[in-house]
Structures are given as C-alpha cells and as structure tokens.
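Novice: The structure that follows is given in the form of structure tokens.
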Number of protein chains: 2
Amino acid sequence: MGQYLLCGALIENIKGHEVSSLPQADIQADPVNPAIRLASLASADMASVEAMIEDRMASATQLIPETAAYLVAAGGKRIRPLITVAAARTLGYEGHAHIALAAAVEFIHSATLLHDDVTNQSRLRRGKGPANAIWGNAHSVLVGDFLFARAFMLMVDAGSMDALHVLSRTAAVIAEGEVRQLAAMRNIAITRAEYMSIIDAKTAALFSAAAHVSPILNGSCKTVEAALETHGRELGLAFQLVDDVLDYGGLTTDLGKNTGDDFREGKVTLPVVLAVEAADDTERAFWNRVIARGEQTSIDFDHAVTLLKTHGALDATLHAARHHAAAAVKALDAVPRNEWSEALAALAEFMVERAY
Amino acid sequence: MGQYLLCGALIENIKGHEVSSLPQADIQADPVNPAIRLASLASADMASVEAMIEDRMASATQLIPETAAYLVAAGGKRIRPLITVAAARTLGYEGHAHIALAAAVEFIHSATLLHDDVTNQSRLRRGKGPANAIWGNAHSVLVGDFLFARAFMLMVDAGSMDALHVLSRTAAVIAEGEVRQLAAMRNIAITRAEYMSIIDAKTAALFSAAAHVSPILNGSCKTVEAALETHGRELGLAFQLVDDVLDYGGLTTDLGKNTGDDFREGKVTLPVVLAVEAADDTERAFWNRVIARGEQTSIDFDHAVTLLKTHGALDATLHAARHHAAAAVKALDAVPRNEWSEALAALAEFMVERAY
C-alpha cells in the first residue's frame with residue numbers, strides 16, 4: 001500500500017517527463033556520445049563492475065581467463081551493465097548488490113556471444129573449417145558455460161531471489177530466441193511480427209532484465225519495476241533494429257568494414273523482410289537465390305543495398321527503431337527524473353542517432 | 001549449537017555403520033540392481049521429478065522440446081536426481097523443494113551432455129563433418145543453454161540461496177573440468193593426480209552437489225552436509241573410473257558395443273595413464289602413435305586392451321574405484337541409518353560391481 005502510494009506520488013511529481021522533454025536539439029548540442037556521458041556519470045560504479053568482472057573471470061584452469069578476458073575485458077561497450085547501474089542510481093538505491101548483478105548481466109551477454117560464435121561458425125564453415133577454428137568451437141562452448149555459471153554465482157552474491165528469477169528466465173528466453181533465429185535462417189518468408197518476436201527474445205530480453213533487476217533490488221513498487229522493464233526492452237529493440245540497418249551500411253551507406261555479415265550468413269533481418277514484402281518477381285528471385293539458397297556473387301551485396309533503398313526498407317527499419325527508442329524514453333515517466341534517468345533517455349535517443 | 005548436538009547424537013547412534021555393515025554377500029543375495037531398488041524406493045518422488053522435468057523442458061519454440069526430450073526423457077538412468085531424493089529422504093526432509101533441485105541437477109547433467117557432444121564432434125569430425133552434424137552442433141549448444149537456464153529457474157523455485165550457491169559453483173567447476181579435459185586430450189604425459197583432479201571437476205562435482213543440496217534444504221548440521229557432499233563426490237569418482245574401465249570392455253573384456261570411444265577420441269583415462277607409466281620403449285611408441293598422434297588402425301584397440309591387461313591397468317583402476325566407493329559408503333556414517341542410506345550405500349558398491 002505504502003509502495004503503491006509512493007508510486008502514485010512519483011508519477012505525479014514527474015508528469016511531463018515526455019519524449020519531447022529531451023529534444024534532439026539538446027542532444028545535438030551535446031558533443032559527447034551519451035553512452036560515454038552515462039559511463040562518465042557512472043564511472044565509480046563501473047570501476048567496481050570492471051573489478052568484479054575481472055575477479056570473477058579468474059580461474060586456475062589455463063585458457064579460461066585468457067578466453068574470457070579476450071571477450072569480456074577487451075573493448076566491450078558495457079552497455080547492459082551501464083543500464084543496470086543507471087537504473088539503480090536513478091531510484092536512489094543505496095546498496096551494493098547492483099554491482100554484482102551488472103557484472104552478471106555482462107557475463108550472460110559474453111556467454112551468449114561465445115555460443116553465437118559457434119552457431120555462426122557452424123553456418124559459415126560447414127564442413128570446410130580449419131581444424132583450429134573447430135577446436136575453437138569446443139573452447140567457446142565451454143568458456144561460455146563457465147561465464148554463464150559464474151553469472152549465476154554473482155547473482156547468488158547479490159542475494160535477491162527475485163532478481164535470480166528474472167535473470168534465469170531471461171537466459172532461457174535468450175536461448176529460445178537463438179533457436180528461433182536459427183530456424184528462421186535463410187527463410188525469406190518470415191513476417192515482420194515473427195522477426196520482432198525473435199529479436200524481443202534474442203536481444204531485448206537481456207536489456208530488459210538489465211534494467212528490471214535494479215528496481216527489484218531497490219524494493220521499488222511494481223509500477224516502477226514494469227516501467228524499467230519496458231524501458232530496457234524498448235531500448236533493446238531499438239538497439240537491434242539499428243544494428244540491422246548498420247549491417248547494410250546505415251543511411252549513408254558506408255559499406256566499409258563491419259557490413260554485410262547478416263547478408264552473407266543468410267540472416268533475415270527487418271530490412272530484408274520489408275524489401276521481400278515489396279519485391280516484384282525478379283527481386284523475389286534475387287532474394288531467393290542470395291538468401292534462401294545462399295548463392296552469392298561479389299556484386300550481390302551492393303544490389304541488395306540498392307533494393308533495400310528502392311523500397312525504403314532501411315528508412316522504415318530506422319523509423320521502427322525510433323518508435324521503440326521513444327517508447328523507452330516514455331517508460332521513464334514512471335521513474336524519478338534526475339541526471340540518471342535523463343542519461344538513460346539520452347542513451348535511448350542516441351541508439352538511433354548513431355545510424356545517421 | 002542445537003544442530004551441533006543433533007549431529008553429535010546422530011553420529012553416536014549410528015556408529016558401526018561401516019563399509020563392512022553392507023557386505024558384498026548381501027548385495028549378491030539381492031538379485032535386484034541397487035539402482036533399480038533405490039528407484040523403486042523413491043518411486044513416488046521420482047514420479048514427481050519426472051513430471052517436473054517434462055513440465056520444465058516445455059517451450060513454445062519448436063525443436064527445443066524434441067531435442068530436450070530426446071536427451072532428458074529417453075532412458076536416462078536419473079542417477080543424480082535419485083541421489084538428491086535419497087539424501088533428502090534419509091534425513092527425514094519433509095518439504096517438496098528436493099524435487100525441483102533433483103530436476104535441476106538432471107537438467108545440468110543433460111546440458112553438459114549436449115555441450116559434450118559439440119566438443120566430441122569437434123574432435124572427431126574436424127573439417128570433415130556432414131553439414132547436418134554441424135548444424136546439429138549449433139542446436140546442441142542452444143538447447144543445452146536452454147536446459148541450463150531452466151535448471152536455474154528450478155533452483156529459484158526451490159527457494160534456497162545456499163543450494164543455488166552450491167549448484168552454480170558446481171556448474172562453473174564442471175566447465176573448468178571440461179576445459180582441462182580438452183587440454184589433456186592426446187596428452188599421454190598427464191599424471192594420475194592430474195587425471196583424478198580432472199574427473200573430480202568434470203564428473204564428481206555434480207554427484208557431490210546432488211547429494212549436498214539435500215542437507216542444505218533440510219537445514220542439517222555442517223557435519224551431515226559435509227558427509228553427504230563427500231558421499232556424492234566419492235560416488236562420482238567411482239562412477240567415472242568404472243566408466244573408464246568399461247570403455248575398454250571391463251574385466252571380462254566384452255569388446256562389443258560401447259567400447260573404444262575414449263581410445264578413438266584420444267581421451268587419456270586412468271587405465272591409459274597407468275599403462276603408459278609402466279610402458280617400455282616399444283609400448284610408449286605405440287601410445288604415442290595411437291593417442292598422442294591419433295594414428296590408429298583397426299587392430300590397435302585390441303592391442304591397447306592387451307597392454308592394459310599386461311600391466312594390470314584395468315584391475316588397478318577398478319581397485320581405485322572400489323576405494324572411492326568404500327569412501328562413499330563410509331561417509332554415510334554421519335547420516336541416519338535407514339533404508340534410504342542403506343540403498344545409497346548399496347548403490348555405491350554396485351557402481352563397482354557392474355564392471356565385473
């Protein structure tokens with residue numbers, strides 16, 4: 001009851017904390033990448049998170065710390081633990097358990113990346129991989145398992161059974177999302193709804209959990225819990241859709257490094273779903289050949305980008321991303337307005353801006 | 001203090017519950033496999049465990065339930081959950097949380113098996129696997145992850161943070177053990193101590209945890225906790241060593257099905273460690289060729305078995321297994337003596353008998 005009233009009071013106090021309260025002008029006026037600004041605001045907590053990550057990837061078993069360090073320590077953006085920390089701080093949480101949960105979230109993310117490597121290598125190198133790449137597979141699986149187990153040990157340290165419930169459920173949902181993505185591979189018939197449901201599980205669930213565990217630790221009311229869960233989920237959807245666009249070079253079509261991976265792997269993302277929906281017979285034959293049958297020549301990627309642009313598929317995907325980022329910002333209405341929640345809101349909008 | 005006294009009283013009451021109190025004559029007089037006898041004693045609880053396993057492997061994501069069912073439901077001996085149940089019952093535990101933990105233990109075991117498949121396939125099929133075998137790899141990784149996550153959800157249901165601590169630590173230790181086993185692959189220079197340390201992590205840790213979580217749930221004293229932890233660990237070591245012997249046909253050398261896998265994979269187990277220790281130059285050259293370099297012909301396995309027998313390596317391994325089984329029985333001294341603890345003791349002795 002007290003919690004409910006507190007929630008009501010909070011919502012009263014922060015009415016008007018709308019999408020428009022953080023106009024693009026503000027963001028453009030700030031030369032600093034909001035992810036970096038948030039990291040700077042959270043620097044003390046993030047130093048604790050880093051120390052904990054380093055401590056918990058330790059193992060007397062040779063190769064584990066090296067592999068884990070390569071993945072976990074080297075240049076990760078730490079965006080998920082940042083969300084956990086910012087969500088805890090925006091609520092005025094005064095404990096320390098958010099550090100362990102932030103590290104746990106990063107470990108789950110890293111374990112997922114390692115296991116993704118295996119499924120990606122399986123697809124790309126079927127039967128023709130060099131021996132050490134496949135030896136590497138076994139290693140990726142086991143070190144991923146190690147990080148996954150250590151993530152749960154961190155959650156035990158945090159001491160919240162409710163947070164454990166959220167994160168263990170999330171880990172199961174991520175695995176389901178990955179299986180569904182595998183099943184949707186090279187399938188140009190999947191619908192927009194099916195695609196959104198896959199990325200909701202595969203990507204957005206962990207962003208959502210990262211934000212959700214903090215109000216749980218803080219003992220916040222259900223309204224605040226739901227608001228941060230929604231914030232994280234919408235942020236995650238925006239993040240994935242922007243990634244999908246960037247894999248085709250973004251709107252400026254900078255087809256340099258880091259583009260074309262999805263295309264070459266036959267991963268059907270929203271831009272392709274939309275272009276296939278709008279395709280004439282010739283175009284459909286093209287998508288069938290390059291994605292469904294996986295028969296690609298060196299000029300096919302450029303042609304794919306042309307088709308995506310012809311049908312406005314990149315624009316439409318970014319439009320969807322902007323919609324989800326706005327929903328992420330809107331969800332913060334139920335959360336105290338302070339420098340932390342404003343940094344979270346700015347981060348959500350930056351997610352989309354990075355594609356322009 | 002009360003717990004300590006209770007522990008003291010328990011130990012007083014059951015003095016004389018020695019290895020010799022369950023003589024081989026009793027076991028041989030009983031025509032029923034002790035694993036089956038224990039399963040029959042535990043049939044009500046095990047039916048609940050089965051129902052929970054079936055319930056928690058459910059997923060709306062196609063392929064997950066089939067894969068999980070293939071592995072989890074089809075003919076598993078359920079030896080680990082049986083240990084959890086028997087340990088709970090021997091202590092007079094009256095709650096229900098042991099069912100969820102027993103299912104969780106089986107899920108961890110199943111996830112490990114699925115991920116083992118990947119590492120085994122990597123070794124056996126380097127670069128020459130058929131596409132669907134490698135597609136299967138990706139699937140094995142992800143369904144394993146799903147089962148692993150569901151295991152932690154089951155632990156959350158059980159509601160014991162201490163049990164969660166034990167099982168999450170165990171999962172990390174298993175992964176470490178698997179990595180070390182991978183590193184020891186084809187290495188005929190590993191010592192007996194190194195090998196025992198690997199199987200302690202890879203196999204015995206989960207048996208240990210399976211037994212350990214029950215006194216935790218029951219709120220038993222530390223002496224009983226330690227006793228059951230030791231019981232499980234020693235049982236697990238015995239189990240693995242007997243498996244190692246059976247892979248070379250056991251003492252009767254029934255070289256039919258299910259033998260020679262370790263040999264062909266280049267997995268160095270205790271019989272090989274012992275035979276290499278005792279090898280002359282010619283024999284060492286043989287082990288070097290067939291294990292270290294992996295160059296095997298159709299007659300090599302038979303010759304390997306001959307060498308193991310020449311040096312008494314199978315006998316010595318079984319002797320070690322018998323020693324660990326006896327230690328498992330001895331550990332039960334600190335546990336109330338009843339039909340449950342007697343069934344656990346009989347199971348430990350049967351572990352070794354099955355190799356004869």
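Novice: Would you check if there is a residue in segment A:255-263 being charged (D, E, K, R), at pLDDT 95 or above, part of a helix (DSSP H, G or I) and within 21 Å of residue A:310 (Cβ to Cβ)? Give the derivation first.
Specialist: Of the residues in segment A:255-263, the ones charged (D, E, K, R) are A:257, A:261-262.
Of the ones still in play, those that are also at pLDDT 95 or above are none.
Scanning segment A:255-263, I find no residue that is charged (D, E, K, R), at pLDDT 95 or above, part of a helix (DSSP H, G or I) and within 21 Å of residue A:310 (Cβ to Cβ), so the answer is no.
Novice: Residue check: is residue A:226 surrounded by fewer than 24 Cβ atoms within 10 Å (Cβ to Cβ) and within 21 Å of residue B:153 (Cα to Cα)?
Specialist: Working: surrounded by fewer than 24 Cβ atoms within 10 Å (Cβ to Cβ): yes; within 21 Å of residue B:153 (Cα to Cα): yes.
Against the criterion (surrounded by fewer than 24 Cβ atoms within 10 Å (Cβ to Cβ) and within 21 Å of residue B:153 (Cα to Cα)), residue A:226 qualifies.
Novice: So for segment A:239-246 (the condition being aromatic (Phe, Trp, Tyr), closer than 19 Å to residue A:323 by Cα and either touching a helix residue (DSSP H, G or I) at 6+ places or on another chain (Cβ under 6 Å) or modelled with pLDDT under 95 (or both)), does at least one residue qualify?
Specialist: yes
Novice: Let me ask you something else. From A:320, A:325, A:343, grab the single residue that is within 30 Å of residue A:42 (Cα to Cα), of a type outside the set (Asp, Glu) and in contact with a Pro (Cβ under 9 Å, 6 or more places away or on another chain).
Specialist: Only one candidate qualifies: A:343.
Novice: If residue A:46 satisfies every condition in (1) in contact (Cβ under 8 Å) with a residue 24 or more places away in the chain; (2) surrounded by fewer than 23 Cβ atoms within 10 Å (Cβ to Cβ); (3) farther than 21 Å from residue A:167 by Cα but one, which is the exception?
Specialist: (3)
Novice: Could I ask something else about it? For the structure I just gave you, tell me whether residue A:101 is in contact (Cβ under 8 Å) with a residue 60 or more places away in the chain and surrounded by fewer than 22 Cβ atoms within 10 Å (Cβ to Cβ).
Specialist: No; evaluated as a whole, the condition is false for this residue.
Novice: Take the residues in segment A:53-97 that are hydrophobic (A, V, I, L, M, F, W, C) and closer than 13 Å to residue A:42 by Cβ; name whichever of them is surrounded by the most Cβ atoms within 10 Å (Cβ to Cβ).
Specialist: Selected residue: A:87.
Novice: Return yes or no: is residue A:312 of a type outside the set (Ser, Thr, Tyr) and under 15 Å from residue A:262 (Cα atoms)?
Specialist: Criteria not met by residue A:312.
Novice: Does at least one position in segment B:118-126 carry a residue that is modelled with pLDDT under 95, touching a Lys or Arg at 6+ places or on another chain (Cβ under 8 Å) and more than 20 Å from residue B:227 (Cα to Cα)?
Specialist: Taking segment B:118-126 as the starting set, the residues that turn out to be modelled with pLDDT under 95 are B:118-126.
With touching a Lys or Arg at 6+ places or on another chain (Cβ under 8 Å) added as a condition, the list becomes B:124.
Keeping just the survivors that are more than 20 Å from residue B:227 (Cα to Cα) gives B:124.
Yes: one or more hits.
Novice: Here are some residues: B:213, B:268, B:290, B:273. Which one is modelled with pLDDT of 95 or more and in a loop (DSSP other than H, G, I, E, B)?
Specialist: Among B:213, B:268, B:290, B:273, only B:268 is modelled with pLDDT of 95 or more and in a loop (DSSP other than H, G, I, E, B).
Novice: Looking at (1) closer than 23 Å to residue B:228 by Cα; (2) assigned to a helix (DSSP H, G or I); (3) touching a residue at least 24 places away in the same chain (Cβ under 8 Å), which one does residue B:319 not meet, given that it meets all the others?
Specialist: Against the list (1) closer than 23 Å to residue B:228 by Cα; (2) assigned to a helix (DSSP H, G or I); (3) touching a residue at least 24 places away in the same chain (Cβ under 8 Å), residue B:319 comes up short only on (3).
Novice: Based on what the data block shows, is residue B:164 more than 11 Å from chain A (Cβ to nearest Cβ) and assigned to a helix (DSSP H, G or I)?
Specialist: Considered against the rule, which asks whether it is more than 11 Å from chain A (Cβ to nearest Cβ) and assigned to a helix (DSSP H, G or I), residue B:164 comes out as no.
Yes/no per residue for (1) surrounded by fewer than 19 Cβ atoms within 10 Å (Cβ to Cβ); (2) in contact with a Ser or Thr (Cβ under 7 Å, 6 or more places away or on another chain); (3) closer than 16 Å to residue B:251 by Cα:
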| site | (1), (2), (3) |
| --- | --- |
| B:280 | yes, no, no |
| B:309 | yes, no, yes |
| B:325 | no, no, no |
| B:348 | no, no, no |
| B:352 | no, no, yes |
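Novice: Output yes when any residue across segment A:204-211 is closer than 16 Å to residue A:327 by Cβ, away from chain B (no Cβ under 14 Å) and more than 13 Å from the chain's Cα centre (by Cα), and no when none is.
Specialist: No.
Novice: Is it the case that segment B:164-186 has a residue that's β-branched (Val, Ile, Thr) and more than 30 Å from residue A:179 (Cβ to Cβ)?
Specialist: Taking every residue of segment B:164-186 in turn, none turns out to be β-branched (Val, Ile, Thr) and more than 30 Å from residue A:179 (Cβ to Cβ).
Novice: Given the criteria in a helix (DSSP H, G or I), in contact (Cβ under 8 Å) with a residue 24 or more places away in the chain and either over 17 Å from residue A:267 (Cβ atoms) or in contact with a His (Cβ under 7 Å, 6 or more places away or on another chain) (or both), does residue A:242 qualify?
Specialist: no
Novice: Condition first: under 14 Å from the mean Cα position of the chain (by Cα) and over 13 Å from residue B:170 (Cβ atoms). Now tell me which residues in segment B:103-112 satisfy that.
Specialist: B:106, B:110, listed by residue number.
Novice: Sort through A:151, A:189, A:183, A:171 and tell me the only one that's assigned to a helix (DSSP H, G or I), out of contact with any strand residue (DSSP E or B) (no Cβ under 6 Å at 6 or more places or on another chain), surrounded by fewer than 19 Cβ atoms within 10 Å (Cβ to Cβ) and of a type outside the set (S, T, N, Q).
Specialist: Only one candidate passes the filter, namely A:183.
Novice: Do you know which residues across segment A:334-356 are more than 18 Å from residue A:218 (Cβ to Cβ) and either part of a helix (DSSP H, G or I) or among the hydrophobic types (A, V, I, L, M, F, W, C) (or both)?
Specialist: The answer is A:342, A:345, A:346, A:347, A:348, A:349, A:350, A:351, A:352, A:353, A:355.
Novice: Name the residues in segment B:143-157 that are in contact (Cβ under 8 Å) with a residue 60 or more places away in the chain, at the interface with chain A (Cβ under 8 Å from one of its Cβ atoms) and hydrophobic (A, V, I, L, M, F, W, C), would you?
Specialist: B:143, B:146, B:153
Novice: Determine whether segment B:218-228 contains at least one residue that is in contact with a Ser or Thr (Cβ under 8 Å, 6 or more places away or on another chain), under 21 Å from residue B:106 (Cβ atoms) and in contact (Cβ under 8 Å) with a residue 12 or more places away in the chain.
Specialist: yes
The values are calculated or read from the model by the stated rules, or taken from the named source; none is laboratory data. Owing to the predicted nature of the structure, the values given are computational and were not obtained by experimental measurement. Glycine also receives a Cβ, built like all others from the backbone with ideal geometry; neighbour counts cover every protein chain displayed.
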